[in-house]
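Taking it in order: structure first as structure tokens, then the write-up.
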Amino acid sequence: QVQLVESGGGLVQPGGSLRLSCAASGFTVRSYNIGWFRQAPGKEREGLSCINRRSSFSYDTYYADSVKGRFTISRDNVKNTVYLQMNSLKPEDTAVYYCATDCDPTLTWVSALTSWGEGTLVTVSS
């Protein structure tokens, strides 16, 4: 069974950084497109980033305009984990963050095969 577990969220001051982790089981992350989305209360789900396999040896990455230049997605194939490094955090980044399979460059998750975890809460506040 495909399972994703997000961790690394917490309280951080504006301008600070957090590194979120997405531990996968039931599949190998290096063989699939994995991304991150977030959802804040009262707001629509927002796709943030995707790491998309181009070949056996390389990947392409994609970012939403709202986080481009601040967030970085990466993989650790040995640990079977995907990360989201978040820098220069803003109060509007406060949300529950989820990792999910089968992302696409449009960050809309059109695939019907998508799986995601329970999420991890990120609160950006002074």
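Per-structure values
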item: Approximate shape of segment 63-110 as ellipsoid semi-axes (Cα gyration tensor, √5λ), whole Å, largest first; result: 19, 15, 11
item: Leading residue at positive end of dipole, segment 52-126 (Cβ point charges), from 67, 94, 122; result: 67
item: Relative pair counts by distance (%), Cα atoms of the chain, 5 Å bins; result: 2, 12, 23, 26, 20, 11, 5, 1, 0
item: Distant alpha-carbon pairs in segment 46-90 (separation over 15 angstrom), percent; result: 46 percent
item: Peptides 106-112, 49-55 ordered by average Cβ neighbours within 10 Å, highest first; result: 49-55, 106-112
item: Per residue, in Å², the accessible surface of the chain once ligands and nucleic acids are set aside, probe 1.4 Å; result: 54 Å²
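The values are calculated or read from the model by the stated rules, or taken from the named source; none is laboratory data. The shown structure was predicted, so the numbers you read here are calculated from the model rather than taken from an experiment. Every residue, glycine among them, receives a Cβ derived from its backbone with ideal geometry; neighbour counts consider all protein chains shown. Ligands, DNA and RNA are stripped out before the accessible areas are found, and what is left, the full protein with its side chains, is counted by its heavy atoms. Shrake-Rupley method; radii C 1.70, N 1.55, O 1.52, S 1.80 Å.
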